[in-house]
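The values are calculated or read from the model by the stated rules, or taken from the named source; none is laboratory data. All of these numbers come straight from a predicted model, not from anything done at the bench. Because the Cβ atoms are built from the backbone with ideal geometry, glycine has one as well, and the counts that use them run over all protein chains shown. Calculation scope for accessible area: heavy atoms of the full protein, side chains included, ligands and nucleic acids excluded. Shrake-Rupley method; radii C 1.70, N 1.55, O 1.52, S 1.80 Å.
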Protein chains: 2
Amino acid sequence: MSTEKRTPLDAIGEFGLIDRITGSFTHHNGTTVKGVGDDAAVIRINEEEHMLISTDMLVEGIHFNLMYAPLKHLGYKSVVVNLSDIYAMNGKPEQITVSIGVSSRFPAEAIDELYEGIKKACDVYGVDLVGGDTTSSLSGLVISITAIGRVNQKDVVYRSGAKENDLLVVTGDLGGAFVGLQVLEREKEVYKANPSAQPDLEGYDYILERQLKPEARRDVIGFLDELGVRPTSMIDVSDGLASEILHLCRASKLGCHVYDEKLPIDPTTYSTARDFDLDPSTCALNGGEDYELLFTISQSDFDKVKGSPHMTVIGHMVEENAGIYVIDRGGALIPIQAQGWNHFDRSE
Amino acid sequence: MSTEKRTPLDAIGEFGLIDRITGSFTHHNGTTVKGVGDDAAVIRINEEEHMLISTDMLVEGIHFNLMYAPLKHLGYKSVVVNLSDIYAMNGKPEQITVSIGVSSRFPAEAIDELYEGIKKACDVYGVDLVGGDTTSSLSGLVISITAIGRVNQKDVVYRSGAKENDLLVVTGDLGGAFVGLQVLEREKEVYKANPSAQPDLEGYDYILERQLKPEARRDVIGFLDELGVRPTSMIDVSDGLASEILHLCRASKLGCHVYDEKLPIDPTTYSTARDFDLDPSTCALNGGEDYELLFTISQSDFDKVKGSPHMTVIGHMVEENAGIYVIDRGGALIPIQAQGWNHFDRSE
């Protein structure tokens, strides 16, 4: 490399890097409706619909650890996290491509297991595997998946559409995947110290499944449609609620006030977090990998969603100058800062 | 891994693995016109057009070596190899997504260089960067690109459309990228032995460019259109002519006879191959990474292409039982076997 200046990647972070590298790109094609900067790219394909394209790369040792992630679950999860991005645009995924780089320490049977999980996800979510690439890698396993979906032009929901006073809604509950990961990491350490020890995973089913085999919220897209509610903005919770709130605020040029006491946290998540001396609210805000949907709705839609067991109003959008805060049980305003997965802190 | 049987990946190879893992998948969506098994997937998007989706993964140490591949060229090439797949369907690429996994040994300035090359390719070929993912990796650099294109439904060309007696045509010349790689590998060894030695690359410009900064044959798609020739089948030459011929024959259920003396080989490729004690025809047949287009045309179109400096008729399609052979200058029939990049032979 002929570069003289060397700026460490961890000094700028993933989102800083994305801004840095994509800033100079321009578009050449009128079919490109939306490029970088949302959960999926949007491409015009006919008079009524847009195509949605989303892609993710999962790297062994960064995103998953094969000591505790069964390959079949890993295959399933790899698909689901991509489909979640298509749902976050209010779309319907129809196809995926799957590329893998794999070292020869994996036998063909291991790859079979991975693809069993991929196939399972395809069957559950009704998507077609239409392509990919298969190559070797010098170290571990790398999985790169692209999801392709469709949405009616009038239904597409961007991160940027939130309005002041809109309600902020999240589906399901938060923090479970992160706390599940803590359990798995603890058992990994126990195993490393004593390989004959049996892992103690009893009672953790829910949070382990949240970590190892999450689902994408296709159902919520259906519920919203049935309720006649169109979110004004939407994103999926992959990097953590705090990070996603910042994305919605940044794209919509708004602030946001979120109420700590409203954060939906499952009892197992709560008690396990406490066992690990973790603050459950912090796990919910910064844990990541929940793959829930976070969206804003007009206040006039409140009556339609308030009875749903799948959705919780956790705050509301405010003008940009009013800031981005969690309001704790004592009424104190705590600034929201992204503490999501900054993978560049963890590499070699 | 709970697997008991362990079949080494190098025992089944890349194409064996692809067959193995994709065999059990079925399609759920009527929009999926063609899935795995051609240069790109084909998706119905409106009454007139199909969308084309192609994806490739490039892994450091397998597909490129940063000791001699400048990052800017690597970015350019990563895009071009994907666009080549869209052209091989007779389509027009319009968008790409780019995902990278990168270890923290790379400074941000190195990533800037990579994206300079990506941007250059986007500008040259008129495609839009619309998404991607950026993550860290524990070892080297991984690049995964998905190209999205369009083609009129009546113009799409598959691997499977060749007919008996069709002429086999290849664009440009072959083997240059492979011989260029040999030069780079030699200079790498010289450098490792004596880091103060200057690389001796004079006179190799053409084949080094073939290796480091190849172009996709967008021009040929235009020429064919102007000549009024629609190929009956087509594929791009990424893994090597022999391997691509086998793909066309397998998909079209035909045999093929190719004439050694017709193989287009550049004089620099020829003489450099000789210097390395390599058979130039073998380099042309098995070298790979030429990113030329290989296609079949009806005999009735011969007069239209015979004067083109960009295309060479190298053989013709025969019935399946007549086999797949190179006919050498002495008239002997040599069976064509895939000796393309079998990456699984080279991993750890």
Test each condition in (1) assigned to a strand (DSSP E or B); (2) among the β-branched types (Val, Ile, Thr); (3) more than 21 Å from the chain's Cα centre (by Cα) for B:Val59 and report the one that comes out false.
(3)
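Restricting attention to the range B:187-194, does a residue exist that is under 30 Å from B:Thr55 (Cβ atoms), of a type outside the set (S, T, N, Q) and crowded, with 18+ Cβ neighbours inside 10 Å? I'd like the intermediate steps shown before the answer.
Within the range B:187-194, the first condition is being under 30 Å from B:Thr55 (Cβ atoms), and the residues that meet it are B:188.
Narrowing further to those that are of a type outside the set (S, T, N, Q): B:188.
Next cut, crowded, with 18+ Cβ neighbours inside 10 Å only: none.
No: zero hits.
Tell me, yes or no, whether the range A:59-79 has at least one residue that is within 19 Å of A:Tyr158 (Cα to Cα) and aliphatic (A, V, I, L, M). Step through it out loud before you land on a result.
Applying the first criterion (within 19 Å of A:Tyr158 (Cα to Cα)) to the range A:59-79 yields none.
No, because not a single residue in the range A:59-79 is within 19 Å of A:Tyr158 (Cα to Cα) and aliphatic (A, V, I, L, M).
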May I ask you to list pairs of residues, at least six apart or on different chains, whose Cβ atoms are under 9 Å apart, with the first in the range A:292-307 being farther than 30 Å from A:Glu209 by Cβ and the second being part of a loop (DSSP other than H, G, I, E, B) and of a type in the set (S, T, N, Q)?
A:Ser298/A:Asn165; A:Ser298/A:Thr232; A:Gln299/A:Asn165
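Only one of these is open to solvent by 40 Å² or more (accessible area, probe 1.4 Å) and either within 25 Å of B:Val36 (Cβ to Cβ) or of a type in the set (Asp, Glu) (or both): A:Glu113, A:Glu164, A:Glu109. Name it. If you could, list the steps in order and put the result at the bottom.
On the way: A:Glu113 fails: open to solvent by 40 Å² or more (accessible area, probe 1.4 Å); A:Glu109 fails: open to solvent by 40 Å² or more (accessible area, probe 1.4 Å).
That would be A:Glu164, the only listed residue that is open to solvent by 40 Å² or more (accessible area, probe 1.4 Å) and either within 25 Å of B:Val36 (Cβ to Cβ) or of a type in the set (Asp, Glu) (or both).
Considering only residues of the range B:59-91 that are facing another protein chain (nearest Cβ under 9 Å) and more than 15 Å from B:Gly117 (Cα to Cα), which is surrounded by the fewest Cβ atoms within 10 Å (Cβ to Cβ)? Give the derivation first.
We begin by selecting, within the range B:59-91, every residue facing another protein chain (nearest Cβ under 9 Å); these are B:59-63, B:66, B:70-71.
Now drop any that are not more than 15 Å from B:Gly117 (Cα to Cα), which leaves B:59-63.
Numbers: B:Val59: 26, B:Glu60: 23, B:Gly61: 17, B:Ile62: 21, B:His63: 22.
Filtering first and then ranking leaves B:Gly61.
Could you tell me which of the residues A:Asn46, A:Asn65 is over 17 Å from B:Gly131 (Cβ atoms) and at pLDDT 95 or above? Break it down into steps so the answer makes sense when it comes.
Numbers: A:Asn65 fails: at pLDDT 95 or above.
Selected residue: A:Asn46, the only one of A:Asn46, A:Asn65 that is over 17 Å from B:Gly131 (Cβ atoms) and at pLDDT 95 or above.
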In the range A:125-154, how many are more than 7 Å from every other protein chain (Cβ to nearest Cβ), under 21 Å from the mean Cα position of the chain (by Cα) and not hydroxyl-bearing (Ser, Thr, Tyr)?
7
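Considering only residues that are of a type in the set (D, E, K, R) and within 27 Å of A:Arg218 (Cβ to Cβ), which ones fall in the range A:92-132?
A:Lys92, A:Glu94, A:Asp112, A:Glu113, A:Glu116, A:Lys119, A:Lys120, A:Asp123, A:Asp128
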So the helices (runs of 4 or more DSSP H) completely within the range A:120-232 holding 2 or more residues that are within 22 Å of A:Cys283 (Cα to Cα) are A:176-193, A:205-212
Criterion violated by B:Ala41 - all others in (1) more than 30 Å from B:Lys192 (Cα to Cα); (2) open to solvent by 20 Å² or more (accessible area, probe 1.4 Å) satisfied
(2)
Confirm whether B:Arg274 is surrounded by fewer than 20 Cβ atoms within 10 Å (Cβ to Cβ), modelled with pLDDT under 95, more than 27 Å from B:Val157 (Cα to Cα) and not aromatic (Phe, Trp, Tyr).
no
Taking the criterion of being without any contact (Cβ under 8 Å) to a residue 60 or more places away in the chain, away from chain B (no Cβ under 14 Å), at positive phi and not hydroxyl-bearing (Ser, Thr, Tyr), would at least one residue in the range A:256-275 satisfy it?
no
Given the residues B:His247, B:His257, which is the only one that is open to solvent by 10 Å² or more (accessible area, probe 1.4 Å) and part of a strand (DSSP E or B)?
B:His257
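Could you check the range B:206-228 and list, in sequence order, the residues that are out of contact with any strand residue (DSSP E or B) (no Cβ under 6 Å at 6 or more places or on another chain) and either free of Cβ contacts under 8 Å to residues at least 12 places away in the same chain or of a type in the set (A, V, I, L, M) (or both)? Explain how you work it out, then say what you get.
Filtering the range B:206-228 for residues out of contact with any strand residue (DSSP E or B) (no Cβ under 6 Å at 6 or more places or on another chain) gives B:206-216, B:218-219, B:221-228.
Residues satisfying the conditions are B:Ile207, B:Leu208, B:Leu212, B:Ala216, B:Ile221, B:Gly222, B:Leu224, B:Asp225, B:Glu226, B:Leu227.
Filter the range B:1-45 down to the residues that are aromatic (Phe, Trp, Tyr) and either in contact with a Leu (Cβ under 8 Å, 6 or more places away or on another chain) or at positive phi (or both) and list them by number. Break it down into steps so the answer makes sense when it comes.
Within the range B:1-45, the first condition is being aromatic (Phe, Trp, Tyr), and the residues that meet it are B:15, B:25.
Correct list: B:Phe25 only.
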I'd like to verify a number: residues in the range B:22-56 that are of a type in the set (Ser, Thr, Tyr) and under 23 Å from the mean Cα position of the chain (by Cα), how many?
3
